[in-house]
1. How large is ³J(HN,Hα), in whole Hz, for each residue of the range 39-51 in order, when computed from phi with the Karplus curve 6.51 cos²θ - 1.76 cosθ + 1.60 and θ = phi - 60°, using x for Gly and Pro?
2. What residues have an amide H closer than 5 Å to that of G47, excluding those fewer than 5 places away on the same chain, when H is modeled at 1.01 Å from N in the peptide plane?
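Nothing in this text is a laboratory measurement; each read-out follows from the coordinates by a stated rule. This one's a predicted model, so the numbers in the text were calculated from it and none came from an experiment.
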Amino acid sequence: MNSERRQSKSTYARPVEGLMRISGLTYAQIARELGVSKSLVSKVILGQRNNAEIESALCVALDLPFSRLSGNADAIEQAYVRKLTEHELKQAQSRIESGLALLQSATTNESRLE
């Protein structure tokens, strides 16, 4: 049972790290906030150590229900894909808005020259 839990925890390391990247969180920030070592945070995420306090803090920081982090790797992967998609959509929207602003500025400048 313990090895099954560790196996499922190690499978969620990539999506948890992805969620951390999107959220702008680092291992060091989490460790500093909790007063633990960065190594311990890493080991918990990789499933090499159990620490309910760190797992709870990750859930709060990443907006995941605790039940997801404690064993449902598929749900974590889905949350990662959803947040990644939202993040990419926001970036694309920002690029479109910037492009439209440039186009509008260029059009305004052209009409002034005429």
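1. 4, 5, 4, 4, 5, 5, 5, 7, x, 8, 9, 9, 7
2. Long-range HN contacts for G47: none found.
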